[in-house]
1. If we count chymotrypsin sites (Phe, Trp or Tyr not before Pro) as exposed when they sit in a DSSP loop and have at most 16 other beta carbons within 10 Å, what is the longest stretch of the chain that avoids them all?
2. Using R₀ = 22 Å, calculate the FRET efficiency as 1/(1 + (r/R₀)^6) where r is the Cβ-Cβ separation of Ser92 and Asp40; round to 0.05.
3. If you put +1 on each Lys and Arg Cβ and -1 on each Asp and Glu Cβ, how big is the dipole of the chain around its Cα centre, in Debye rounded to 20?
4. Measuring with a 1.4 Å probe in the full set of protein chains, what accessible area per residue, in whole Å², belongs to the stretch 1-74?
5. So what is the 222 nm mean residue ellipticity for the chain from helices alone, if each DSSP H run of at least 4 adds -39500 (n - 2.57) and you divide by all residues, rounding to the nearest 500 deg cm²/dmol?
6. Please give the FRET efficiency for Asn13 paired with Ala58, using the beta carbon to beta carbon distance and R0 = 22 Å, rounded to the nearest 0.05.
7. Counting only protein heavy atoms and a 1.4 Å probe, tell me what percentage of the chain's accessible area is made up of carbon and sulfur.
8. Please compute the Kirkwood hydrodynamic radius of the stretch 52-92 from all pairs of different C-alpha atoms, in Å with one decimal.
Amino acid sequence: MKNKEAIKEAVINRLKTIYDPEIPVNIWDMGLVYDVRVDDGDNVDITMTVTAPNCPVAETLPAEVKSEIESNVPEVNKAEVHITFDPPWDMSMLTEEAKDLLGFDFL
């Protein structure tokens, strides 16, 4: 069995390569990913959101995340992506790096 924390870190690093098509910030730093869990079978469960329910990528982004993780993190057996709107995303969820990049130092 592989180290769950190492797999989780590899998944997070891969999530940092997936960008929102409308904002030049990756989905991790945007705060769109709420949870990453690795089970004993090296399967990954990702709970995430999108910026709004009517977001243009609401239907395609989960599939892209699943594909990216399964294709590019060899330690992962299978990935599942769940979309939630609870809590709804807002700009306070941006990381400090994202706020700096976008010029939102006032948040």
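The values are calculated or read from the model by the stated rules, or taken from the named source; none is laboratory data. Remember, predicted model here, so these are calculated numbers, not experimental data. Every residue, glycine among them, receives a Cβ derived from its backbone with ideal geometry; neighbour counts consider all protein chains shown. For accessibility, only protein heavy atoms count, side chains too; no ligands or nucleic acids. Shrake-Rupley method; radii C 1.70, N 1.55, O 1.52, S 1.80 Å.
1. Result for the longest clean stretch: 1-84.
2. Working: r = 34 Å, r/R0 = 1.57.
Once rounded, the FRET efficiency stands at 0.05.
3. For the chain, the charge dipole is close to 200 debye.
4. 51 Å²
5. Calculated from helices alone, the mean residue ellipticity at 222 nm is -8500 deg cm²/dmol.
6. Given R0 = 22 Å and the Cβ-Cβ separation, E is 0.35.
7. The value for the chain is 50 percent carbon and sulfur by accessible area.
8. By the Kirkwood definition, the hydrodynamic radius is 11.7 Å.
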